[in-house]
Amino acid sequence: MSDNTYDTPRLDELESGPWPSFVTGLKRQAADNPMLDGVLGQLEHSYKDRTGYWKGGTVGVYGYGCGIIPRFTELKDDDGNPFYPEAHEFHTMRVVPPAGMHYSTQLLRDICDIWERHGSGLMALHGQTGDIMLQGVTADNVQACFDELNEYGLDLGGAGPAVRTGMSCVGAARCEQSCCNEQKIHRLLVNNFLDDLHRPSLPYKFKFKVSGCANDCMNSIERSDFAVIGTWRDEIQVDQSEVQAYVQEKGRKHTIDNVVSRCPSGSLSLNDDDTLEIDNSSCVRCMHCINVMSKALSPGKDRGVTILAGGKRTLRVGDMFGTVVVPFLPLRDDSDYQRILELAQEFVDFFAENALEHERLGEMIERIGLPSFLEGVGLEVDPNMIREPRSISYVRTDDWDEEAEKWYRRQQMASEQAS
Amino acid sequence: MAEATEKPRSPIESGTPDPFPHLHPTLRRNFGLWRYHDRPQPGVLHHVGETGEEVWTVRVGTQRQMDLATVRKLCDIADAHADGYMRFTIRSTVEITVDEERKVQPLMDALREAGFPVGGTGPAVKMISHTQGWLHCDIPATDASGVVKALMDELYDEFTQENMPNKVHITTSCCQINCGGQGDIAVNIQHTKPPKIQHDLVGDQCERPSVVARCPVAAIRPAMVNGKPTLEVDETKCIACGACYPPCPPMQINDPEHSRLAIWVGGSHSNARSMPSFHKMVVAGLPNNPPRWPEVAEHVKKILYAYRDNARDYERVGEWIDRVGWRRFFELTGLPFTKHHIENWDGSRYKLNTSAHLRF
């Protein structure tokens, strides 16, 4: 397109090929918006030099401490004049989408209209934290844009050492594997920490993610400090006639190779009459057989969630998976949902008080040890929290009898509750 | 900006919006009542509810970084064919749901006509999850959207068809923080040289103690250069991770020549069959070569097709390698095995072979 101000021979090469081209979109939008003209110029400059040229700064809206990601160009001549003056400022607004990223076209169109009035028109759906990223606004327009979005019913997401925008899967809205109300948990958690989301005052970021089953489509174990995953504790529901129909259609070898022998805990056995035998006491609720035989198998009826704490990406000690801190929390009524919230509050409070600056929850737990963390947030130990017990003998066990007594007492209480 | 005398408006702290008004009515009616699903064809999911109601969902790839015309085009299509609703997946694909089977083909036709690739379901290569890169990030060593566009052009048929043993998640990251996430195949920046320090700027721009604290190997210490307070790096200890660069921009880690690309394999978030796993580095030193990064595409395809041709059904990349062993992986892909593949970070001993289990 000849409308654009700067030549972009390298970016132009990304306009060919079958996948949708962000360059074509940028150019189209730049025809209406000079800022993106400058952005195209700067991006081409980056492609030529193989160097990034944005720097941060301080831009915000009244009342909040975060939510805007400021970007100023670093490409300036000796007198301080930007090479691409249209893109001198190119700030991003993080906007929280509806839980599960469901949209009516009306909502998307309204966002587009507001964004067209105040910003560049470029947006990323979505950023890795789960925000709508409205990319390209000047500091002068940030407040007006936010006011209009906010009056409409949208809010800014978190950034920096704050509770962040959460994520939940498609869940009960369109998935038969859903073991909980993902959106309800997601909104219950994030919307109760809005002060910590809008005003960064924690040691470092804190993320909530909710997946309705162990397939963990939200990557919660790896990408969140507080991962909530739907599960069940009774028996997998089996429709044996559907099992037989599956075997009939796919064959015994296929069923044995792809379902029975793929069970990680060896809990499955195909009977001579092509029905399925399941050892539910050994089953680890991995979801594989249920995924493959979607018609025949379903999660059990006694459903709830598992909570894992401390997942994070690489910075700075390397990646960490969250580890189990609540093996099973039943979700029968609102008081159970409140219990998730109480736990989250305990975790955030303990994190705020005990983590070092720029330390994530997982790093803090590793530093102090899981038993200290559990004690700090008022949770009891459970064998589901470990892969195997310690194998190094250097440990003080002088309070063994008291600790064993706690276990027996809990076992007794559990059996009394059950009866 | 509001005038100083004007009372500023206080924000309404509304947080995460309720998705219910944005659900297709059939999804609303069947919330929590879905019974099973199947995939009638690549790119289409078919869900059946306990109520007997059914929905068909068409999934399409996007460029993630979208202009208004693209978003409005998606809205036009959803209005014309799907009652005006859609959702986005975590990997920036769009799912548009219809309540009658006869509406599927016209919807797919309209999406294809508008340039959106239909696919990304079942055992296919999914849309690449990625970061911001040179377009918007303040610390990137490479681009994100461009790498993804170039790779997805090459892998287009693997997105629109279901020819893999299981799903393949590819991720890209433009610094070593790796915001792109774990992947069956991950393309990440790997710096190879210590930061270049502009000593005259460090004192003014950086909070030195917190930069010292940020270094994972304690290689940074306070120093004076030309009478000005600054920081210095013990280059023999430095692992070139770049953790010091975000809090201290004068410690430039990005280098057009020496920031290279590495490919990692075997990461998985799912708990299905095996536990979640981190991806493992298999090749490094690939040039940062815009606009199409051909060396990256060549290596990704080499690994992807070795997986396609050798893994069994339902094995993810990591599970396939677990079964056949790393020796066979390097043999099948033709990639070199080097000392850099051997972990020497915390807990490295647990990644060595402490057995007589060997493959030849």
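Here, each number is a calculation from the coordinates, and none is a lab measurement. It should be emphasised that the depicted structure is a prediction, and the values quoted were computed from it without experimental measurement. Backbone-built Cβ (ideal geometry, glycine too); neighbour counts: all protein chains shown.
In loop segments of region B:271-360 as defined by DSSP, the trypsin sites (Lys or Arg not before Pro) with at most 10 further C-beta atoms inside 10 Å of their C-beta are B:359.
Remark: mean inter-chain Cβ contacts per residue of A:47-57 equal 6, using a 10 Å Cβ-Cβ cutoff to other protein chain atoms. Of the residues B:345, B:30, B:226, the one whose Cα sits farthest toward the positive end of the charge dipole of chain B, with +1 on the Cβ of Lys and Arg and -1 on the Cβ of Asp and Glu, is B:345.
Here residue B:20 and residue A:345 are evaluated by their C-beta separation; at R0 = 25 Å the FRET efficiency comes out at 0.45.
On the principal axes of its alpha-carbon atoms, the protein assembly as shown has extents of 82, 70, 64 Å, going from largest to smallest. Taking amide H as placed 1.01 Å from N in the peptide plane, the amide H of residue B:35 sits under 5 Å from that of B:48, B:49, B:50, each at least 5 places away or on another chain. With the simple spin-label model, which puts each label point 7 Å out from Cα in the Cβ direction, the residue A:406 to residue B:224 separation comes to 5.3 nm. Note on region B:91-162: Rg/Rh from C-alpha atoms, Kirkwood Rh, equals 1.07.
Taking the Cα centre of each part, how many Å lie between region B:150-201 and region A:325-389? Each part reduced to its Cα centre gives a spacing of 32 Å.
Note: relative contact order over chain A, using C-alpha pairs below 8 Å and six or more positions apart, is 11 percent.
Could you give the length gained by full extension between residue A:390 and residue A:199, i.e. 0.36 nm per residue of separation minus their alpha carbon distance, to one decimal place?
Gain in length upon complete extension: 64.7 nm.
What percentage of all Cα-Cα pairs in region A:165-265 are separated by more than 24 Å? Result: 43 percent of Cα pairs exceed 24 Å. For peptide B:143-150, the mean count of partner chain Cβ atoms within 10 Å of a residue's Cβ comes to 6. Sites listed here are GluC sites (Glu not before Pro) in region B:64-115 whose DSSP assignment is loop and whose Cβ has at most 12 other Cβ atoms within 10 Å: B:100. The local environment of residue A:356, defined by Cβ-Cβ distances under 9 Å, has a net charge of -2 under the rule Lys, Arg +1 and Asp, Glu -1. Between 0 and 90 degrees, the angle of helix A:105-118 with respect to the longest Cα principal axis of chain A falls at about 40 degrees. Assuming charge only on the beta carbon of Lys and Arg (+1) and of Asp and Glu (-1), the dipole of region A:223-286 about its Cα centre is about 400 debye to the nearest 20.
Summing Cβ point charges (Lys, Arg +1; Asp, Glu -1) relative to the Cα centre of chain A gives a dipole of roughly 540 debye.
Under a plain spin-label model, where a point goes 7 Å from the Cα along Cα-to-Cβ, how far apart in nm are residue A:116 and residue B:204? If labels sit at residue A:116 and residue B:204, their model points lie 4.4 nm apart.
Within region A:1-86, none of the GluC sites (Glu not before Pro) combine a DSSP coil assignment with at most 12 other C-beta atoms in a 10 angstrom radius.
Cβ screening of chain B for cysteine pairs under 4.7 Å finds these without a partner: B:75, B:137, B:174, B:175, B:179, B:215, B:238, B:241, B:244. Across region A:15-104, the convex hull enclosing all Cα atoms gives 173 Å³ per residue. Remark: chain B is approximated by an ellipsoid whose semi-axes, taken from the C-alpha gyration tensor as √(5λ), come to 41, 31, 18 Å, largest first. Applying the Karplus relation 6.51 cos²θ - 1.76 cosθ + 1.60 with θ = phi - 60° to region A:248-255 yields 3J(HN,Hα) values of 4, 6, 9, x, 5, 4, 4, 5 Hz, where x marks Gly and Pro. Segment residue A:15..residue A:372, full-extension length gain: 123.0 nm, with 0.36 nm per residue of separation and the alpha-carbon distance subtracted.
Restricting the calculation to alpha carbons of chain A gives Rg and Dmax of 25.9, 84 angstrom.
Could you work out the relative contact order of chain B? I mean the mean sequence separation of Cα pairs under 8 Å and 6+ apart, divided by the number of residues, in percent.
12 percent.
Show that you can apply the helix-only estimate: for chain B, add -39,500 (n - 2.57) for every DSSP H stretch of four or more residues, divide by all residues, and state [θ] at 222 nm to the nearest 500. Result for chain B: -7000 deg cm²/dmol, rounded to the nearest 500. Put simply, region A:209-300 fits an ellipsoid with semi-axes of 27, 12, 11 Å; these come from the alpha carbon gyration tensor as the roots of five times its eigenvalues, largest first.
In order along region B:122-138, phi translates into HN-Hα couplings of x, x, 10, 6, 8, 4, 6, 7, 8, 10, 9, x, 4, 5, 8, 6, 9 Hz, rounded to whole numbers, per the Karplus curve 6.51 cos²θ - 1.76 cosθ + 1.60 with θ = phi - 60° and x for Gly and Pro.
Taking θ as phi - 60° and the Karplus parameters 6.51, -1.76 and 1.60, the scalar couplings of region B:153-170 work out to 4, 6, 9, 3, 5, 6, 7, 7, 10, 10, 10, 9, x, 8, 4, 10, 9, 10 Hz in sequence order, x denoting glycine and proline.
Working from Cα pairs under 8 Å separated by at least six residues, relative contact order for region A:245-379 is 15 percent. Expressed per residue, the C-alpha convex hull volume of region A:336-419 stands at 138 Å³.
Counting only DSSP beta bridges with both residues in region B:148-242, what percent are antiparallel, rounded to the nearest 5?
Approximately 60 percent, going by the DSSP bridge assignments.
Counting only lysines at least 8 places from residue B:196 when in the same chain, those with an alpha carbon closer than 30 Å to its own are A:48, A:55, A:76, A:205, A:312, B:228, B:237, B:280, B:339.
Each of B:80, B:336, B:317 was scored by the projection of its Cα onto the charge dipole of chain B, and the greatest displacement toward the positive side belongs to B:336; charges sit on the C-beta of Lys, Arg, Asp and Glu. Residue separation of residue B:312 and residue B:346 scaled by 0.36 nm, minus their Cα-Cα distance, works out to 9.0 nm of gained length. Between residue B:12 and residue A:353, the modelled label-to-label distance comes to 3.6 nm, taking each label 7 Å out from Cα in the direction of the beta carbon. Computed from the C-beta positions of residue B:289 and residue B:76, the FRET efficiency with R₀ = 51 Å rounds to 0.85. Could you list, in their original order, any pairs among B:167/B:351; B:302/B:351; A:209/B:103 whose Cα atoms are separated by more than 28 Å? Flagged as over cut-off: A:209/B:103.
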